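Below is one structure, written out as structure tokens; comments come after it.
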Amino acid sequence: MVTVPARPAPLEFAPARACLLINDMQNAFCRKGGYLDLIGFDISGAPAVIAQVRRLMDGLRAAGATIVHSQNGFSPARHEAPGSATPIWHKSNALRYMRAHPAYDGKVLTHGTWDYEIAEELAPQKGDLVIPKSRDNGFAGTALDQQLRTRRIDTVICCGISSNVGVESNLRTAYHLEYFAMLVADATMPAGPPEVQFATEFNVERFFGWVTRTDDLLGVIATGA
């Protein structure tokens, strides 16, 4: 067991019963010309997030934690969003962008494309789990909960992009499924202005989990404290 400095209080957990849930670290969210950049969000913080997530991957994998990559997108036929009777048809920025810009049809968050691929610095390794999804929430319509319970995971450590969308959705759901849920704040980045990040951290700290930082987490992992 290790005890991680966190807000609102330290959290004790066993690394072997924890997972690092990495949200959507794909070219779509990390690179110029990717989906998030195309729809007008500032992605200048993405290189720093990539670096911190890589540190977390290496440190937690070495400590025996399970590494989970969620990978967001749609099939070329987009059967996951069959039409206007589904809310995602209206609310998905990616689907709306492709409808408004036919030249990008099938190129944004679409299976088999550069946009969909996980950033090469964070490529999954043998033993990692990759969870394909078509919703912001990594638990929605996937086998993630089953996979974690099979491995007797009780702590879900959340990072990635975007903190206020997929990351917070993962964290809220993990909490409601009775996992201990932790946000690594400096290994995330919002889709939106800085106050959005503050709001996510506030929500997690006060209502759904614990908030820590990469150095604090890896420090106790390294020492076993």
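All of the numbers you see were taken from the coordinates with simple rules; none came from a lab. Owing to the predicted nature of the structure, the values given are computational and were not obtained by experimental measurement. Quick reminder, even Gly has a Cβ in these numbers, built from the backbone with ideal geometry, and neighbours come from all protein chains shown.
Go through the residues of segment 61-76 one by one and say whether even a single one is of a type in the set (Lys, Arg), touching an Asp or Glu at 6+ places or on another chain (Cβ under 9 Å) and either over 26 Å from residue 3 (Cα atoms) or free of Cβ contacts under 8 Å to residues at least 40 places away in the same chain (or both). No. Among the residues in segment 210-218, are any assigned to a helix (DSSP H, G or I) and of a type in the set (D, E, K, R)? The answer is yes, given that some residue of segment 210-218 is assigned to a helix (DSSP H, G or I) and of a type in the set (D, E, K, R).
Would you check if residue 195 is loosely packed, with under 15 Cβ neighbours inside 10 Å, of a type outside the set (Phe, Trp, Tyr) and in contact (Cβ under 8 Å) with a residue 12 or more places away in the chain? Judged against the criteria, residue 195 is not a match. When segment 204-225 is filtered for residues that are of a type in the set (S, T, N, Q), surrounded by 15 or more Cβ atoms within 10 Å (Cβ to Cβ) and over 19 Å from residue 24 (Cβ atoms), only 212 remains. Would you check which residues across segment 38-79 are over 21 Å from residue 138 (Cβ atoms) and in contact with a Lys or Arg (Cβ under 7 Å, 6 or more places away or on another chain) and list them? Correct list: empty. For residue 82, the conditions (1) out of contact with any Phe, Trp or Tyr (no Cβ under 9 Å at 6 or more places or on another chain); (2) surrounded by fewer than 18 Cβ atoms within 10 Å (Cβ to Cβ) all hold with the exception of (1). Is there any pair with a first residue in segment 149-162 that is farther than 18 Å from residue 214 by Cβ and a second that is in a helix (DSSP H, G or I) whose Cβ atoms are under 6 Å apart and which are 6 or more apart or on different chains, and what are they? From segment 149-162, the pairs are 152/17; 153/17; 154/17.
Condition check: touching a residue at least 60 places away in the same chain (Cβ under 8 Å), touching a Pro at 6+ places or on another chain (Cβ under 9 Å) and within 13 Å of residue 217 (Cα to Cα). Does residue 20 satisfy that? Taking the combined requirement at face value, the residue does not satisfy it. Annotation note: of 139, 180, the sole residue that is free of Cβ contacts under 8 Å to residues at least 60 places away in the same chain and not polar (S, T, N, Q) is 139.
Among the residues of segment 189-199, the ones that are in contact with a helix residue (DSSP H, G or I) (Cβ under 7 Å, 6 or more places away or on another chain) and either under 18 Å from residue 53 (Cα atoms) or assigned to a loop (DSSP other than H, G, I, E, B) (or both) come to 5 in all. Taken over segment 104-136, residues that are without any contact (Cβ under 8 Å) to a residue 40 or more places away in the chain and surrounded by 20 or more Cβ atoms within 10 Å (Cβ to Cβ) amount to 1. The residue that is surrounded by the fewest Cβ atoms within 10 Å (Cβ to Cβ), counting only those in segment 143-188 that are in a helix (DSSP H, G or I) and of a type in the set (Val, Ile, Thr), is 150. Total residues in segment 23-48 satisfying the condition of being more than 20 Å from residue 120 (Cβ to Cβ) and touching a Pro at 6+ places or on another chain (Cβ under 9 Å): the figure is 2. Within segment 134-182, the set of residues being farther than 26 Å from residue 75 by Cα and within 10 Å of the chain's Cα centre (by Cα) comprises 157 only. Just to be sure I understand the filter: pairs with C-beta atoms under 7 Å, separated by 6 or more residues or on different chains, first member in segment 199-225 and over 15 Å from residue 18 (Cα atoms) and touching a residue at least 60 places away in the same chain (Cβ under 8 Å), second member hydrophobic (A, V, I, L, M, F, W, C) and part of a helix (DSSP H, G or I). Which pairs pass? Cβ pairs passing all conditions: 211/204; 214/56.
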